[in-house]
Amino acid sequence: MTSSSNPPAVVSPPSGEVRVSPAAESARISRRNLLLAIVPVLVLLITFLFWYQTWFGRPLSDAEMAEYLADTAAPHKIQHAVAQLGERMARGDPTARRWYPQLLALARNPAPQLRLMAAWAMGQDNHSEEFHQTLRGLLADPEPLVRWNAALGLVRFGDAAGEPQLRAMLRPFTVPAPQAGMLHFKSKELDDLPNGAAVARIEVGNGAKPLDVVSPISGALAERLVKDGAEVAPGEPVALIRPGEAQVWESLRALYLVGRPQDLQDVERYARDVPGMSERVRQQAELTAQAIRRRAAKGD
């Protein structure tokens, strides 16, 4: 072995103690650092793959579209497929038409979240008369978010039939008690509430499981309409939910195109400083009010 040869990794000193040479220690540290670098990358990759499989923005192949739309046991897959179908429709992709029958069927599905997605997607092709008439029918849906998505979709058809629903999107939403019982609030006034969040809980007695009172829209708890601990009747109003910014923004943009003078009071409220609303909402409210007045002046 020449003097230029690499030293052995381990030497045995007279004491019998095993020591690691500087070169071996350096190599060990390098391997450790490499492992530490690899682990975060693996975590990121695993996280990315999870979101890749569940994120609605991931493009689907035609085979995946067909599979997902037929998977009634996995609503999130259907939602993913409908989101991708809507994107194809918005791009004018002619291949989207093969799945129109499935989309029309989803508009009649018992699951509100699927009807909601269908209403959104049908608004992406404003040349389909079947979609146009289906959206008109969805204006009578029992779920507010389905009605509101239908109203927004109809605007793309140049149809103002959903204008009362667009106006309702700007107003506080009244949450009714789903059942009789003693109500206890779970949220404080001004608390932010995502769609589906529990506002309160009703103790129904007789050993039955308590029932949550949920907000069907995103927003904030504007007002409690009954006292905590009060006995409530089915359908009794118990809370007011202030609409969230995204909802207000979409309504104002739609009313810019189809709004009428009777909408001005609701629109102009957002032209002032409203808690929880940004400057862009205030500006859009001003533009929408101006557009409504211009149409009224022309007699449109």
If we keep only residues of the stretch 101-120 that are out of contact with any helix residue (DSSP H, G or I) (no Cβ under 7 Å at 6 or more places or on another chain) and under 23 Å from GLY162 (Cα atoms), then the residue surrounded by the fewest Cβ atoms within 10 Å (Cβ to Cβ) is PRO110
| said: Can you say whether ARG167 is crowded, with 17+ Cβ neighbours inside 10 Å, closer than 18 Å to GLY196 by Cβ and not assigned by TED's automatic domain parsing to the domain that holds ARG224, as far as the supplied structure shows? | reply: no
Considering the stretch 49-69, residues that are assigned to a helix (DSSP H, G or I) and within 18 Å of the chain's Cα centre (by Cα), and then whichever is modelled with the lowest pLDDT, we arrive at TRP51
I'd like to check something: does the stretch 257-275 contain any residue that is surrounded by 12 or more Cβ atoms within 10 Å (Cβ to Cβ), of a type in the set (Asp, Glu) and under 25 Å from the mean Cα position of the chain (by Cα)?
yes
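The values are calculated or read from the model by the stated rules, or taken from the named source; none is laboratory data. Computed from a prediction, not measured in an experiment: that's the story for all the values here. Cβ sites come from the backbone with ideal geometry, for glycine too, and all protein chains shown count toward neighbours.
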